[in-house]
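Undergrad: The structure follows.
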Ligand code: FAD
């Protein structure tokens, strides 16, 4: 962190999205003295954590209208102590309507985000059912300063004579000093390119649209992917399906072939090709005749509203160029992104990214020069290339998250991840591999829970 002699300045800032990242960003911006408007196209806070049984009907998986990709049975993959915001612990509540488990169901996370919203009075900053449809740079009339023009569409439901509802859409254009994009990245499906898929006559779907296992009753299912969703969904589908065949590019700790703990699950290398008779051939020459292919192959970053004259692009799922996954150097600090990184502990990272943005916007923290930021980004991209990391993994920070977090905390002059939090996540990861079916209910890191609870006292007194 470096202090500057410039006065602290309050900016007019637009935050797009009221999921976990948008909520904490709004809080940090307001704490720093900025005026904030949060645009949220849904009718409540929580983003991903607002479960819906609705699914997108587009069989080509190209158009999405449903935001959340949660399935009904989903429980968190992190223990609540380490998942919550650093200064607003995700504590179990003594309330019969709440889920007290260490790895709670999705509704509990949504309720935690509602609590957070209430606690910090963020609701008053949010315009619900207001979608941002266009964001572009405009020059101020005087001088060379740039501003952002945001066009939004707000859905208003008018109640006529007490019962009929009439929907109107109100379009608005407004000017802001800065925009922070917090729209998440688990909505727009990425699907694997499979030779022969255009002739495939079986069903296919993406896990974005997976909610419950019942539709897979007695089916032969091929699940593509080795992510956590692929992991959870395969296990659940196996309770009703005839057979589940997982095709994975990378297998962290598994053995190809029949899975010992299941009667009806096999692990295969990736798919070689498929044909119109519903044959699925794997790269080791084995094959199955399947009813459905379920793509658990990740998501695309997608910012349809953002016009930056080509400054920020999405290329093979790399959003760039971005300094430390947050600021495009030539538009910094007026445009920023919170929450692009993944395979990390999301909420505390959002908290630090947004503290950094808020402090930079007010002049309390200084960014390096544009040239230095560009150079830093180039060095980062070169290092990814040198290590053979494909562009699409640019924002995957698994192995560097501790360093990244410590760096961000250093910029903000605040504490980095607590030792117990790091250790807890590491233990969880190991247990998830060793005991995928029971890691959420059986653990041995009680000593870390106690350390966390001791730490949390300072936020509750
Ligand atoms: P989101 O929650 O997606 O919120 C984005 C918001 O932006 C939405 O409300 C959306 O309506 C709004 N929006 C989008 N476009 C516009 C627009 N144009 N105008 C206005 N509003 C807009 N994380 C964990 O920490 N623990 C877990 O156990 C965990 N499990 C997960 C399981 C699944 C299946 C998935 C998909 C994710 C999981 N995550 C988990 C990651 C989770 O996505 C993040 O923790 C976090 O909730 C993301 O928050 P966000 O605010 O960045 O995005």
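The values are calculated or read from the model by the stated rules, or taken from the named source; none is laboratory data. Because the structure is a prediction, the values reported are computed rather than measured. Here the Cβ is made from the backbone with ideal geometry for all residues, glycine too, and neighbour counts use every protein chain on show.
Undergrad: Out of the helices (runs of 4 or more DSSP H) lying entirely within region 388-461, which hold 3 or more residues that are over 30 Å from residue 360 (Cα atoms)?
TA: Qualifying helices (runs of 4 or more DSSP H): 419-434, 446-460.
Undergrad: While we're here: Quick one: which strands (runs of 3 or more DSSP E) lie wholly within region 144-227 and hold at least 1 residues that are farther than 30 Å from residue 294 by Cβ and touching a strand residue (DSSP E or B) at 6+ places or on another chain (Cβ under 7 Å)?
TA: 146-160, 164-176, 178-181
Undergrad: Another question, if that's okay. Tally time: how many residues in region 341-369 are in a helix (DSSP H, G or I) and either without any contact (Cβ under 8 Å) to a residue 12 or more places away in the chain or over 20 Å from residue 394 (Cβ atoms) (or both)?
TA: 9
Undergrad: I've got another one for you. Scanning for something more than 16 Å from the ligand (Cβ to nearest atom), over 22 Å from the mean Cα position of the chain (by Cα) and under 30 Å from residue 238 (Cβ atoms), does region 370-379 turn up at least one residue?
TA: No; the residues of region 370-379 include none that is more than 16 Å from the ligand (Cβ to nearest atom), over 22 Å from the mean Cα position of the chain (by Cα) and under 30 Å from residue 238 (Cβ atoms).
Undergrad: Take the residues in region 279-308 that are more than 24 Å from residue 392 (Cβ to Cβ) and at pLDDT below 95, then tell me which one is surrounded by the most Cβ atoms within 10 Å (Cβ to Cβ).
TA: Residue satisfying both the conditions and the ranking: 286.
Undergrad: Counting only residues that are within 11 Å of the ligand (Cβ to nearest atom) and assigned to a loop (DSSP other than H, G, I, E, B), which one in region 32-47 is surrounded by the fewest Cβ atoms within 10 Å (Cβ to Cβ)?
TA: By that ranking, first place goes to 43.
Undergrad: Among the candidates 112, 71, which residue alone is assigned to a helix (DSSP H, G or I) and either near the ligand (Cβ under 9 Å from one of its atoms) or in contact (Cβ under 8 Å) with a residue 12 or more places away in the chain (or both)?
TA: 112
Undergrad: Go through (1) within 23 Å of residue 276 (Cβ to Cβ); (2) surrounded by 15 or more Cβ atoms within 10 Å (Cβ to Cβ) and name the single condition residue 248 misses.
TA: (1)
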